[in-house]
Amino acid sequence: MRLGIGTLAFLLVHSASAQIPTGPFSSAVGIMRERGVLQGDQQNPLAPKGNPPLPPKHETLPEPVEQTRAYRVVRTGQSRRRGNTVSMTGGTEFFVRGYHVFADEAEGDLSTNVFTLTNKVRIIGTDTVITGEKITVDFNNRSYRSINAESQLTPQLVKGKLKDNLYVRGEESFGTARETHTHNGGLTTCNLEHPHYEVEAVDTNVRTGRRAIFRKARLRAFGKTILNIPFLSVPLDDRTYRYLPDFGQSRDEGYYVKSRYGIPLRGDNNFDARVDYMSKLGSGLGGDYVYNNANINGVARLYKITGPGDSLVLSNQHRQQFRFGTLSVDNDFQQNNYLTAPGSTLLNTRANLVIPQGDAATTTLGFNRNGNQGSGFESENRTITLTDDRRFGRRTSSNIDLSWLTNRNVYTGSPSTDNQEVDVRFRANHDLERAVASLEYQRNIPIGDNPNFFSGSDRTPVLSLESDSRRLFGRGFDSILPFRTQLSFGEFHDARSGQINRSFFNFNFNRPDRGNRRFRADFNGQFRQGIYSDDTAQYVVGAGANLSYRLGRDTSANLRYNYLRPEGFAPLSIDRTGKSHLVSTDVNFRPQRYLLFGAQTGFDFLRAKTQDVGWQQVGIRSEFTPTNFFNLRALSTYDTVQGIWSSVRLDLNYRPGATLLSIGARYDGFRKSWSNANLYLNNLKMGRTSLSAILSYNGFTKRFDAQQYSFVYDLHCFEAVVNVSDYGTGFRAGKEIQFFLRLKALPFDSLFGIGRRGQPLGTGTGRDF
């Protein structure tokens, strides 16, 4: 059972801080609600008192931004101008650099576009509005200072990161697009005059896209302070962090308490300390160090558990920019990690050095090592790579890819195995306008005694010419018969056939019908010819067609034909192909608006020649939709080989309003039993409580594989959630109970609807759906 109450404040602060735009007006971004505009009798406590109503939406920016960059006065009471200095009183409205400005009084310098606005101030941008008592703005440098600013942040402004409005206030705010500071600020998503909760902070520092730092923060609920946080540092680029204590109980850890403390360092560097205690494992201590300088950035993580679950986890991700290229190094060390590798020691290293040489060439050096050591075994895999991509002029390019692979395995009581091999790949292309000439070399070379070595068909080398209908005959012919062709000569080395010389020709076309007529016909075909140095040869002929005739809405017939036949013998495995000769068809028919029927089958001519049943499985489907909130589907499959209806699938969906009921069931014709029956119920309302449930019944074992229930109690701006999961079979069977207090304005994901292996649970029953 996990308790999510402790994460309530962090979720609010994190989401709000991460999403508030940190431009010149970040402390009060949004579209204001005036008093009395809220639904019912509820009023917004953050609405500015005495401000005139906002202009209609179409008046926010009556002209494009590029046409309103200059200063332009719409109206004013009294106005004075001396040189570049302007002063306006008695209520004024003007545009400057694309912003629509309202204020009782305004004073500014037109040479610097710095304005001081006083009383009933509103500054409206393309997607932002700020109000306050006094605001000083540098419109050129996008910096500001505001006094008693209040705002409302809408879900549209944060692109779906919020599901309801966020109300923000601050006694004093100042900053730029890179960093903002707010003194004595607060935020909430509750729109009542006396909000159910509010997060307040004496000082808030937001570093755009990187980190939000709160000093002397507190969470107030129902007018009472329930949690004081002297210091809170939250990364805005990683939403998986948890910065308030997490209490709970799990099968592996027992009862636990986990906490994290953010410590900002100089510049963009940060350190997050972790202090945990788990009754089954012991004490956990560690930290994450994030560094970000001019040419170096990365993160280093260390976590140590001392006690019965003694383990050590160490990892780092390092990126460094040199004058000649970029170096990336990733390391991951795990010793007795109870989650991923109990009783084992893992060390994984990956490094890449990318050396660009202008736009014409790039060279990459790589190293990868994976090591695993445990009781009675040890394994190590290493790969060293060199990749070089180059262009010579506009028509010639080359690619070289070299790899040295080493594999070592040691088992107690058995001899060790050491395998090494080198993989060489080279390809060069030259554009001849009418065709593209390619030279390709590919070889996998064993080093020393390598009994487990296996190589495919190496190319040592192969010269080819490739072209298409557009290159050879132009766009007009390409629209009539689009085709591709290839002619190649080369030497191959196959693991079974040895060294083989091959001459090869390939031609294929695909002509789709792009018309809108009732009748459509698509055609495709291919021809391949290979001649080999061991006096063998093979050609392959293939053809296909798709004929479709449409009679009306959801009423059509389709006929598909596929033919593929090789003749001769190909000693190379890459040229071997199978045979196919079949035709398939499907028919859709809608006799009434609410009824749909369909059938599909096929005939395999090759199986019919061997005295097997040539007919493929027959599928019959139907759909009944009398209203837009009710749907019933059925699918039956007839097995032509066994001569039995092998399965019947039923699906029902019923959505009366916000509630959804979905049922899926499957009947196994071979075993004469209902194999699966699944039910999904979502958002069944009972007063303030809503119920969701997922049931998965296994007809073979006569028991539920999974049961999940979710109870949600509405508490206006937040809600209480209880999730109950019971897994009767499978991986880590058992019961789990979760309890959350969550803000309704924040997106929320829980384990409801997800199985033990991370698979989705619902009304699907297997192969057909």
Flagged in the stretch 701-738 as β-branched (V, I, T), out of contact with any Asp or Glu (no Cβ under 9 Å at 6 or more places or on another chain) and modelled with pLDDT of 85 or more, in numbering order, are T701, V721, V722
Is it true that D431 is among the charged types (D, E, K, R) and farther than 30 Å from Q373 by Cβ?
yes
For the stretch 390-405, give me each residue that is polar (S, T, N, Q) and farther than 20 Å from Q442 by Cβ.
none
Only one of these conditions is not met by T182: (1) among the β-branched types (V, I, T); (2) at pLDDT 80 or above; (3) closer than 23 Å to G108 by Cβ. Which number is it?
(3)
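Quick check on this structure: which one of F629, F569, F603 is among the aromatic types (F, W, Y), in contact with a strand residue (DSSP E or B) (Cβ under 9 Å, 6 or more places away or on another chain) and within 30 Å of T460 (Cα to Cα)? Steps first, answer last, please.
On the way: F629 fails: within 30 Å of T460 (Cα to Cα); F603 fails: within 30 Å of T460 (Cα to Cα).
After ruling out the rest, the residue left standing is F569.
Enumerate the strands (runs of 3 or more DSSP E) found wholly within the stretch 73-116, keeping only those where 3 or more residues are without any contact (Cβ under 8 Å) to a residue 12 or more places away in the chain and either touching a Phe, Trp or Tyr at 6+ places or on another chain (Cβ under 6 Å) or surrounded by 16 or more Cβ atoms within 10 Å (Cβ to Cβ) (or both). Spell out the reasoning first.
Numbers: elements: 85-96, 99-103, 105-109.
Counting at least 3 such residues, we get no strands (runs of 3 or more DSSP E) at all.
Does L439 meet the test of being part of a strand (DSSP E or B) and over 40 Å from the mean Cα position of the chain (by Cα)?
Working: part of a strand (DSSP E or B): yes; over 40 Å from the mean Cα position of the chain (by Cα): no.
No; evaluated as a whole, the condition is false for this residue.
Out of N352, N368, N372, which single residue is over 22 Å from D423 (Cβ atoms) and part of a strand (DSSP E or B)? Can you show your working first?
Working: N352 fails: over 22 Å from D423 (Cβ atoms); N368 fails: over 22 Å from D423 (Cβ atoms).
It is N372.
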If we keep only residues of the stretch 410-436 that are over 23 Å from P571 (Cβ atoms) and basic (K, R), then the residue nearest to the chain's Cα centre (by Cα) is R427
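Of the residues T585, T536, which single one is hydroxyl-bearing (S, T, Y) and closer than 19 Å to G619 by Cβ?
T585
With the structure loaded, tell me whether Y243 is of a type in the set (F, W, Y) and modelled with pLDDT of 75 or more or whether it fails that test.
no
The values are calculated or read from the model by the stated rules, or taken from the named source; none is laboratory data. Note that the coordinates shown come from a computational prediction; the quantities given were computed from them, not determined experimentally. FYI the Cβ positions are ideal-geometry reconstructions off the backbone, even for glycines, and counts take in every protein chain you see.
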